[in-house]
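Heads up, the thing below is written out as structure tokens.
No lab work stands behind these numbers, since they all come straight from the coordinates. The model shown is predicted, which means the values in this text are computed figures rather than measured ones. Note that we place each Cβ from the backbone using ideal geometry, even for glycine, and neighbour counts take in every protein chain shown.
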Amino acid sequence: MADLELEKLRIEKSALQPRARKRKRLMWAVLTVALAGALGALYRAGWLTPAVEVQPAVVQNVYPSQGLTLLNASGYVVADRKSAVASKVTGRLIYLGVEEGSRVKAGQVIARLESRDAAAARERALQNVTVARYHLEQARAELENAGLDYDRKKTLALKGTIARSAFDTAEARYKTARASVEALAAAGRAAQAALEEADVLLDYTNIRAPFDAVVLTKNADIGDIVTPLAATAEAKAAVVSIADMDSLRVEVDVSESNIAQVRAGQPCEIRLDAFAETRFPGRVHMILPTADRSKASITVKVAFNDRDPRVLPEMSAKVAFLLRPVGADEQAPVRAVPAAAVATRDGQAVVFLIEGDLVREAAVKVGRRLAEMVELLEGPPAGSLIAAAPAEKLSDGTRVAVPKQ
């Protein structure tokens with residue numbers, strides 16, 4: 001009886017199978033629909049299409065003069081007029097009145113050497129001039145007396161009242177006195193010349209600036225021996241080095257193959273590494289009449305149109321040789337992008353901003369052409385990363401690949 005009751009509670013497998021199959025089919029259908037939706041979303045997002053390889057570019061501030069540039073060259077700022085100031089005599093430095101950066105005037109005493117020996121020599125020459133002057137005065141007095149005696153005896157000799165020998169003696173004395181005056185006058189001139197020489201030698205101990213300039217380096221200090229030959233390791237040849245800041249030029253090397261694009265007076269734009277955001281107007285001052293065969297180049301000197309106190313000798317510089325002078329409305333930088341980065345969509349100029357793996361379309365308004373660049377009057381700010389090319393294959397949301405640099 002118990003077995004019969006248990007038999008009634010048993011569920012046959014055949015009754016469960018149709019229901020399980022139905023549930024599986026429903027599950028697969030749901031999964032298929034979900035997968036199809038996901039694939040569609042990925043396709044619409046561009047993940048199932050190949051990425052377009054683009055060259056990146058940056059919206060940047062450029063100067064309009066870049067569109068006028070024929071040639072670029074690099075070099076250094078140099079002073080056309082500079083000097084290592086030294087002395088013509090040897091002595092110990094006892095005074096130095098300048099330091100690096102000091103401005104000096106032509107003729108200004110910037111240093112002084114010990115001068116006691118030169119001063120003593122000048123004093124001796126001065127006394128010799130005094131002695132020569134007194135000797136000359138004495139000789140002139142003698143000449144005057146001899147002249148009077150000569151005239152008197154000449155008159156008496158003509159009358160025959162004195163012997164001829166007395167007249168001859170008076171005449172000889174007169175001529176001797178006259179020769180003595182001439183000799184002592186020459187000696188006086190020699191003494192005066194010696195005094196002038198002593199003055200010059202004494203002045204050599206005063207080291208003066210040869211022209212208006214700025215002191216670049218100080219090469220000696222008080223107590224050093226200064227000599228024009230610098231024969232020993234301790235001796236100094238130059239006390240200071242100076243440069244005329246009004247004579248600053250930029251010297252650049254231009255390849256022989258490009259020198260035909262350069263001419264005297266040609267407008268230029270000078271950029272200094274120290275002031276990268278500043279453009280200094282200039283002009284070609286001179287093309288040196290010789291070439292450097294080791295570099296196959298010719299040196300060109302470029303002058304600044306206006307003196308700027310920030311410009312210093314030996315600064316690194318780059319020079320752009322221009323087609324024409326830069327206008328007053330072309331001085332300030334403008335936003336620009338490569339011309340190839342601008343595309344047209346529905347009559348509107350656009351660029352494509354790179355945001356991760358996608359590009360986003362951004363409307364722009366373009367202005368003048370600047371060589372390979374085009375000015376942006378309206379559009380993304382400077383520093384924005386955009387697709388430079390190929391713009392014709394892009395649209396809003398296109399997946400892109402940027403090659404590694």
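Quick look at the values:
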| quantity | calculated |
| --- | --- |
| Most fluctuating residue given options Glu269, Glu171, Glu314, as computed from a GNM of the chain linking Cα atoms under 10 Å | Glu171 |
| Relative contact order (percent, whole number), the chain, Cα cutoff 8 Å, 6+ residue spacing | 26 |
| Backbone N under 12 Å from the Glu256 label point (7 Å along Cα→Cβ), restricted to the range 290-330 | 290-298 |
| The chain: Cα Rg divided by the 2.2 N^0.38 Å rule of thumb | 2.27 |
| Of the trypsin sites (Lys or Arg not before Pro) in the range 185-267, those whose Cβ has at most 13 other Cβ within 10 Å and which sit in DSSP loop | Arg263 |
| Residue-by-residue Karplus 3J(HN,Hα) for the range 364-369, coefficients 6.51, -1.76, 1.60, Hz, glycine and proline x | 9, 10, 9, x, 6, 8 |
| Potential lengthening between Asp357 and Asp151 on full extension [0.36 nm per residue; Cα-Cα distance subtracted] | 61.6 nm |
| For Ser102, residues with placed amide H under 5 Å, excluding near neighbours | Val215 |
| In Hz, Karplus ³J(HN,Hα) per residue of the range 164-176 (6.51, -1.76, 1.60; θ = phi - 60°; x = Gly, Pro) | 4, 5, 5, 5, 4, 5, 5, 5, 5, 4, 5, 5, 5 |
| FRET efficiency, 1/(1 + (r/R0)^6) with R0 41 Å, evaluated for Asp273 and Ile94 via beta carbons | 0.50 |
| Intensity falloff of the range 116-203 expressed as log10 I(q)/I(0), Debye formula with alpha-carbon point scatterers, at q = 0.11, 0.24 Å⁻¹ | -0.46, -1.00 |
| Calculated FRET efficiency for the pair Asp224/Lys404, C-beta based, R₀ 51 Å, to 0.05 | 0.30 |
| Of Lys105/Lys236; Lys295/Lys404; Lys105/Lys301; Lys236/Lys295; Lys88/Lys295; Lys82/Lys318, pairs whose Cα-Cα distance is over 29 Å | Lys295/Lys404; Lys236/Lys295; Lys88/Lys295 |
| Of the GluC sites (Glu not before Pro) in the range 101-161, those whose Cβ has at most 16 other Cβ within 10 Å and which sit in DSSP loop | Glu114 |
